[in-house]
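For reference, the structure is listed below as structure tokens.
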Amino acid sequence: MTKTLLLLPGDGIGPEVSAVARRVAGRLISQGLALQVEEALFGGASIDACQLPLTPEVLAQAKAADAVLMGAVGGPKWAGQPYDKRPEAGLLALRAGMNVYANLRPARCFSALADASSLKRVFVDGLDILFVRELTGGVYFGEPRGVETLADGQRRGVNTHVYTTSEIHRVARIAFELARGRKGEVCSAEKGNVMEAGLMWREDVQALRDAEYPDIKLSHMLADNMAMQLVKNPKQFDVILTDNLFGDILSDEAGMLTGSLGMLPSAAIGDPGTPGLYEPIHGSAPDIAGRGVANPCAAVISLAMALRYSLGAPALADTVEAAVEAALDKGARTPDLGGTMTTAAMGDAILAGL
Ligand code: NAD
Ligand code: IPM
Ligand code: MN
């Protein structure tokens, strides 16, 4: 049966890297993949057209699709908007609306790129970490939230870090299941030394492991130490389990271990049978947007993850990832990787392997 992929190019370099992913999907369709690609406005582009970063119609379209591939959202143009009218608020609403609570962010360093990392080759060559980041809870969504003006005229800003046991268990379960197909090791990050909710996270993750996953080697690490360990000896990690905020920060850090933030894809998944949301972990990169030099690899590998987890085509996912690796092996490099190729030329190099 024909599956549906909804493309949400978004803002800045989002449409530039999405165009390459779309070409890759088009090539696979021409080779027999039963896939229908739809496209809709999202983020700042949607604000410009209809005053909302995510319209109810586009959310319904996303929930009806088999997979959603998002480029990136945000930028200086919309930075002055009220908080809930910003492109980023649309992304949070999309994640919550699709109930994609587990964000898989694989940080793999292709051998060809080991010298593009800011760390020495020996520390990153062969690196293969899988971040499992909780995506629909924590301080991103907790209530109360907001800014109020106090009687004395100063302002008071509040965000609330909150998790329930069921929210922790459902994302931890995904980390444990995925670890079973890898080295079987999970390291969970929190700040249980200063936050009650962090200590509870540690206890709940440990209890689930003890009850249902005795074969998994589970360790716990304070998130600040993990930030240091990621640059000291990143290959010590297999699967890293985090809350929403720590996972955001630590996965950007890991981006640089792979050579560039432009290499890191992601898959946001929820309960079985529901559509997944796929996105590069990078943003709209206003500093390079419009110049046609953004690295499209993260977007293309995000498409591969969609093929693997939502579109029932795991073999094609392997093919697409191999095409990216082959292009890199042949020396294809955008400027972030130390080269001079345009986004489109990098796309040509990837398509040459398909
Ligand atoms: P960013 O990820 O957009 O850029 C950080 C740095 O990495 C920049 O120097 C940029 O040029 C570079 N970079 C990022 N992706 C690249 C690519 N594919 N190829 C080459 N270089 C790349 O982060 P930022 O500058 O802090 O944020 C810019 C905007 O993007 C903000 O509005 C932010 O909210 C938004 N944002 C959106 C997402 C998303 O849509 N998922 C993620 C992060 C940030
Ligand atoms: C990401 C981004 C988003 C996040 C923003 C744009 C809402 O930084 O996907 O990593 O913080 O989750
Ligand atoms: Mn981020």
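Below is a table of values for the structure above.
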{"quantity": "Among the candidates 234, 214, residue that is out of contact with any Pro (no Cβ under 7 Å at 6 or more places or on another chain), farther than 30 Å from residue 113 by Cβ, away from ligand 2 (no atom under 16 Å from the Cβ) and not charged (D, E, K, R)", "calculated": "214"}
{"quantity": "Residue list for the range 109-162, restricted to those being surrounded by fewer than 20 Cβ atoms within 10 Å (Cβ to Cβ), under 27 Å from residue 302 (Cβ atoms) and among the basic types (Lys, Arg)", "calculated": "121"}
{"quantity": "Where a residue in the range 266-286 is of a type in the set (A, V, I, L, M, F, W, C) and its partner, wherever it lies, is in a loop (DSSP other than H, G, I, E, B) and more than 9 Å from ligand 2 (Cβ to nearest atom), with Cβ under 7 Å and at least six apart", "calculated": "268/100; 269/100; 277/100; 281/264; 285/12; 285/13; 285/294"}
{"quantity": "Residue 306 small (Gly, Ala, Ser), surrounded by fewer than 18 Cβ atoms within 10 Å (Cβ to Cβ), assigned by TED's automatic domain parsing to the domain that holds residue 74 and more than 19 Å from residue 345 (Cβ to Cβ)", "calculated": "no"}
{"quantity": "Positions within the range 54-69 being under 19 Å from residue 268 (Cα atoms) and either at pLDDT below 95 or assigned to a loop (DSSP other than H, G, I, E, B) (or both), in sequence order", "calculated": "54, 65, 66"}
{"quantity": "Tally, over the range 170-194, of residues that are farther than 14 Å from residue 238 by Cα and loosely packed, with under 14 Cβ neighbours inside 10 Å", "calculated": "2"}
{"quantity": "Boolean, residue 10 is in the same structural domain as residue 348 (by TED's automatic domain parsing), surrounded by fewer than 19 Cβ atoms within 10 Å (Cβ to Cβ) and closer than 24 Å to residue 343 by Cβ", "calculated": "no"}
{"quantity": "Residue within the range 296-306 that is more than 16 Å from ligand 2 (Cβ to nearest atom) and part of a loop (DSSP other than H, G, I, E, B) present", "calculated": "yes"}
{"quantity": "Options 162, 139; residue that is touching a strand residue (DSSP E or B) at 6+ places or on another chain (Cβ under 6 Å), touching a residue at least 12 places away in the same chain (Cβ under 8 Å) and within 13 Å of ligand 2 (Cβ to nearest atom)", "calculated": "139"}
{"quantity": "Of the criteria (1) crowded, with 18+ Cβ neighbours inside 10 Å; (2) closer than 27 Å to residue 36 by Cα; (3) not basic (Lys, Arg), which one residue 293 fails", "calculated": "(2)"}
{"quantity": "Qualifying residues in the range 14-48 (those that are within 16 Å of ligand 3 (Cβ to nearest atom) and touching a helix residue (DSSP H, G or I) at 6+ places or on another chain (Cβ under 8 Å)) - the one farthest from residue 77 (Cα to Cα)", "calculated": "17"}
{"quantity": "Single match in 121, 108 (criterion: without any contact (Cβ under 8 Å) to a residue 12 or more places away in the chain and within 30 Å of residue 235 (Cβ to Cβ))", "calculated": "121"}
{"quantity": "So residue 86, is it within 24 Å of residue 308 (Cβ to Cβ) and surrounded by fewer than 23 Cβ atoms within 10 Å (Cβ to Cβ)", "calculated": "no"}
{"quantity": "Conditions (1) more than 16 Å from ligand 2 (Cβ to nearest atom); (2) assigned to a helix (DSSP H, G or I): number failed by residue 312", "calculated": "(2)"}
{"quantity": "Residue match in the range 245-264 (condition: more than 13 Å from ligand 3 (Cβ to nearest atom), among the aromatic types (Phe, Trp, Tyr) and buried (at least 16 other Cβ atoms within 10 Å of the Cβ))", "calculated": "no"}
{"quantity": "Conditions (1) modelled with pLDDT of 95 or more; (2) more than 16 Å from ligand 2 (Cβ to nearest atom): number failed by residue 264", "calculated": "(2)"}
{"quantity": "Positions within the range 168-188 being more than 19 Å from residue 210 (Cβ to Cβ) and under 21 Å from the mean Cα position of the chain (by Cα), in sequence order", "calculated": "181, 182"}
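The values are calculated or read from the model by the stated rules, or taken from the named source; none is laboratory data. Small disclaimer: the values here were computed from a predicted structure and weren't measured. Neighbour counts are summed over all protein chains in view; Cβ atoms, including those assigned to glycine, are modelled from backbone coordinates with ideal geometry.
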